[in-house]
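J.: I am attaching a structure below and will ask some questions about it afterwards.
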Amino acid sequence: MPRTIAAILRHGDYEQPEHVPSAFLPHPLTDKGRGQAKDCVGELREFAKANGLAIHEIVDTSRMLRAWETGIIICNRLGDEYRVEEFEALAERSVGAGANLTVERIAEIIERDPRFPPLQEGWKATPDFRLPLQGAESLREAGVRVAAHLEQRMNNLVHEVTGDSMKVFVGHGAAFRYAAVKLGVLTDSQAPGLSMFHCKPVFLERNSRGGWSQAGGEWKVRKKTSKAMD
């Protein structure tokens with residue numbers, strides 16, 4: 001059975017309005033973000049070469065522009081045979097009807113709604129909290145969704161390739177982080193203190209029994225004073 005590794009990447013730096021959760025924001029990469037996407041290809045190639053892995057020609061991305069752009073840049077640098085496929089399953093945690101609003105505005109809306117109590121401090125980073133708005137998800141629900149996509153695609157990969165292989169996934173930090181919890185790579189106590197660097201891959205290996213482990217890369221350690229905006 002071939003060795004299979006998922007290289008999960010957070011998209012590059014993008015035009016995120018101040019105090020607005022990432023969620024389903026439609027904005028493009030910045031020049032910095034495009035540079036990050038170009039630079040990460042060297043790291044992907046280096047890891048693949050060191051581990052004797054072929055990089056699969058299909059790069060999975062979410063449908064958010066920032067992730068798609070990152071994937072396109074990566075494919076263009078890898079070679080003509082590489083292409084992007086977009087999946088809603090790789091989206092960031094949804095805030096539903098609160099999409100594209102500032103955290104302050106979301107709090108005001110909830111406070112004015114007689115059906116709900118005011119939002120608690122730190123709600124964005126609480127794994128099982130879901131905004132009481134249509135279409136919203138908790139971090140954990142987003143992680144379960146992304147983990148299911150990783151499981152399906154990597155299971156397919158095992159039956160498709162004949163040699164050791166690596167598949168690239170471009171998505172979003174919080175959703176990937178809680179996917180790692182679902183897959184058993186991170187614990188509930190670890191996840192809140194971690195994030196992902198832009199375009200810095202974390203390599204997750206799926207073994208023959210369906211178990212997962214981290215094979216390389218680094219998570220970003222959050223500063224205690226920083227607020228989550230993913």
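J.: Tell me, what ³J(HN,Hα) does each residue in the stretch 102-119 have, in order and in whole Hz, if you take phi through Karplus 6.51 cos²θ - 1.76 cosθ + 1.60 with θ = phi - 60° and put x for Gly and Pro?
T.: Calculated HN-Hα couplings, in order: 5, 4, 5, 5, 4, 4, 4, 4, 5, 5, 7, 8, x, 7, 10, x, x, 5 Hz.
J.: Within 10 Å of each residue's Cβ, count the other Cβ atoms and sort I109, I55, I74 from fewest upward. Could the numbers behind the result be given before it?
T.: Numbers: I109 16, I55 21, I74 25.
Least to most surrounded, the residues fall as I109, I55, I74.
J.: Fewest Cβ neighbours within 10 Å first, please rank I5, I72 accordingly. If you can, show how the numbers build up before the last one.
T.: Numbers: I5 25, I72 19.
Sorted ascending by nearby Cβ count, the order is I72, I5.
J.: Using a Gaussian network model of the chain with C-alpha springs under 10 Å, which one of E151, E92, E108 is most mobile by mean-square fluctuation?
T.: Among E151, E92, E108, the largest GNM mean-square fluctuation belongs to E108.
J.: So what's the angle, to the nearest 10 degrees on a 0 to 90 scale, between helix 31-50 and the longest Cα principal axis of the chain?
T.: Roughly 40 degrees between the two axes.
J.: How high is the relative contact order of the chain, in percent, counting Cα pairs under 8 Å that sit 6 or more residues apart?
T.: Numbers: 477 pairs, mean separation 72.0, N = 230.
With pairs under 8 Å counted, the relative contact order is 31 percent.
J.: So what's the Cα pair-distance distribution over the chain, bin width 5 Å, in %?
T.: Values per bin, smallest distances first: 1, 7, 15, 19, 20, 16, 10, 6, 3, 2, 1, 0.
J.: Let me ask another. Would you please give the FRET efficiency between F116 and Q152, computed as 1/(1 + (r/R0)^6) with r the Cβ-Cβ distance and R0 = 30 Å, to the nearest 0.05?
T.: Values: r = 35 Å, r/R0 = 1.17.
After rounding, the FRET efficiency stands at 0.30.
J.: At 1.567 mPa s and 4 °C, plugging the Kirkwood radius over alpha-carbon pairs of the stretch 1-56 into Stokes-Einstein gives what diffusion coefficient in µm²/s? Display every interim value, and only then the final one.
T.: Details: Rh = 13.5 Å.
This corresponds to a translational diffusion coefficient of 96 µm²/s.
J.: Starting from the Cα gyration tensor of the stretch 1-94, multiply each eigenvalue by 5, take the square root, and state the resulting semi-axes largest first in whole Å. The partial results should precede the final answer.
T.: Details: eigenvalues 125, 43, 27 Å².
For the stretch 1-94, the ellipsoid semi-axes come out as 25, 15, 12 Å.
J.: So, one more: Given the DSSP H assignment, sum -39500 (n - 2.57) over each helix run of at least 4 residues in the chain and divide by its residue total; what's the result at 222 nm in deg cm²/dmol, nearest 500?
T.: On the way: 5 runs with 76 residues, N = 230.
After summing the helix terms and dividing by the residues of the chain, the value is -11000 deg cm²/dmol.
J.: Can you give me the distance in nm between label points at N100 and D128, each placed 7 Å from the Cα along the Cα-to-Cβ direction?
T.: Calculated label separation equals 3.3 nm.
J.: Gain in length, H27 to V144, computed as 0.36 nm per residue apart minus the alpha-carbon separation, to one decimal in nm? Walk me through the numbers before you get to the answer.
T.: Values: separation 117, 0.36 × 117 = 42.12 nm, distance 2.51 nm.
That pair, H27 and V144, stretches by 39.6 nm at full extension.
J.: Taking the square root of 5 times each eigenvalue of the Cα gyration tensor, what semi-axes in Å does the equivalent ellipsoid of the stretch 34-152 have, largest first? Provide the component values of the computation, followed by the final result.
T.: Details: eigenvalues 272, 42, 32 Å².
Over the Cα atoms of the stretch 34-152, the ellipsoid semi-axes are 37, 15, 13 Å.
J.: How are the alpha carbon pair distances in the stretch 113-194 distributed across 10 Å bins from zero to the largest one, expressed in percent?
T.: Reading the bins upward from 0: 16, 40, 26, 12, 4, 1.
J.: As a footprinting exposure proxy, order L101, L139 by other Cβ within 10 Å, with the fewest listed first.
T.: On the way: L101 19, L139 25.
So the residues, fewest neighbours to most, are L101, L139.
J.: Okay, next question. Let me check I've understood the local charge: for G211, count other residues with C-beta under 15 angstrom from its C-beta, Lys and Arg +1, Asp and Glu -1. What total comes out?
T.: Working: positive: R3, K182, R206, R209; negative: E151, E205.
Counting the neighbours of G211, the net charge comes to +2.
J.: Of all the C-alpha pairs in the stretch 82-124, what % are more than 14 Å from each other?
T.: Working: 543 of 903 pairs.
The proportion of pairs with Cα distances above 14 Å equals 60 percent.
Since every read-out is calculated from the coordinates, none of them should be taken as a lab result. Note that the structure is predicted; figures quoted are calculated from it, not measured. Cβ atoms come from the backbone with ideal geometry, glycine included; neighbour counts cover every protein chain shown.
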